[in-house]
Amino acid sequence: MLRPPPRRRISLPQPPKSQNLSWAEGRVTREDRRALLGHAAATLWFTGMSGSGKSTLAHALEHELLRRGVSAYVLDGDRLRQGLNANLGFSREDRSENIRRVGEVAKLFTDAGQLVLAAFISPYRVDRAAVREIFDPGDFIEVFVDCPLETCEERDVKGLYRRARAGEVSEFTGVSAPYEPPERPEIVVRTHENALEPCVDQLLDELVDRGIIEGSRGRAPGALTRR
C-alpha cells in the first residue's frame with residue numbers, strides 16, 4: 001500500500017534563480033520503489049582518466065545487473081555531451097558545469113529507484129565532492145578506476161592521447177589538464193591488473209555486501225555473454 005512520505009527539508013547545492021518555486025512532494029517513497037523493483041537504488045560514480053576502462057566496465061556491469069533482474073542504467077560522458085551538455089566545452093568552468101548537471105540527473109534516476117552507473121572522467125575532487133553532497137548518505141558510491149597514464153596511452157582507443165601530444169586537442173586530462181585521483185573512494189578497481197570479468201565480480205560483490213542488490217557474490221554461469 002502506498003503511504004504519504006514524511007515531510008523532509010530539501011537542501012539545494014545552489015539556490016535557483018527564480019524565487020517563485022516550491023517543492024512538490026510525491027506520495028511514493030523509496031521503500032515503495034524498492035518493494036516494486038526488488039533492489040535498492042544508488043549511484044556508482046566511475047572516475048578515472050580516458051582509457052582507464054570506465055565506460056567498458058560500467059556497460060559490462062549494467063549487462064550483468066540486467067541479467068539478474070536489476071534495473072540499471074549507464075550515464076556516459078560522450079553521450080551526454082551530444083545532448084544535455086552539448087553546449088559545454090572542456091574549460092575548467094565547463095567541466096564543473098558538466099559534472100553538476102550529470103550529478104543532478106543521476107540523483108533523479110536514483111530517486112526513481114534505479115541503479116545508476118555514471119562513467120565520467122570528472123577530474124576535479126571538488127566537483128565530485130559537490131555531487132556527493134546532493135545525495136543521501138550511502139547513495140553515492142565513488143569507484144576509482146585506477147589505471148596508470150602509460151597504460152591509458154597505450155590503449156588510446158579513440159586516438160585522443162596521440163592528438164593531445166601533438167597539440168591537436170587542448171585541455172586534455174593527463175596531458176594538458178590535471179586529474180585529481182580520489183583520496184577516499186568507496187571502491188578501487190585496477191583495470192591494468194585484472195581482466196574485465198574479475199572487475200565486474202568485484203563490483204557485484206560490493207553491491208551485495210552493501211545490501212543494494214540481493215543474491216550470491218560473484219557472477220553466475222553464463223554471465224557477460226557477448227551478443
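The values are calculated or read from the model by the stated rules, or taken from the named source; none is laboratory data. In this text the structure is predicted, and so the values were computed from the model without any measurement. Reconstructed Cβ throughout: ideal geometry from the backbone, glycine too, with neighbour counts over all protein chains shown. Heavy atoms of the whole protein, side chains included, go into the accessibility calculation; ligands, DNA and RNA do not. Shrake-Rupley method; radii C 1.70, N 1.55, O 1.52, S 1.80 Å.
Structure notes:
- Measuring with a 1.4 angstrom probe and ignoring ligands and nucleic acids, SER18 comes out at about 50 Å² accessible.
- Shape parameters for the range 18-87, alpha-carbon atoms, Rg then Dmax in Å: 16.4, 45
- Take each peptide in 143-153, 124-134, 159-169, count the other Cβ atoms within 10 Å of every residue, and average; sorted highest first, the result is 143-153, 124-134, 159-169.
- Efficiency of FRET from Cβ geometry, ARG163 and GLU186, R₀ 35 Å, rounded to 0.05: 0.55
- Candidate cross-link partners of LYS158 among the lysines, defined by an alpha-carbon separation under 21 Å and a same-chain spacing of 8 or more, comprise LYS54.
- Residues ALA130 and SER170, FRET efficiency given R0 of 25 Å [Cβ-Cβ distance, rounded to 0.05]: 0.55
- Only one residue of CYS147, SER170, LEU84 has its Cα farthest out toward the positive end of the dipole of the range 82-174, where Lys and Arg carry +1 and Asp and Glu -1 on Cβ, and that residue is SER170.
- For the pair the range 17-83 and the range 142-198, the centres of their Cα atoms are 22 angstrom apart.
- Convex hull volume per residue in cubic angstrom - Cα atoms of the chain: 144 Å³
- Residue-averaged [θ]222 nm for the chain, counting only DSSP H segments that reach four residues, each worth -39500 (n - 2.57): -11000 deg cm²/dmol
- Cβ-based charge dipole, the chain, positive-most Cα from LEU57, GLY38, ILE213: GLY38
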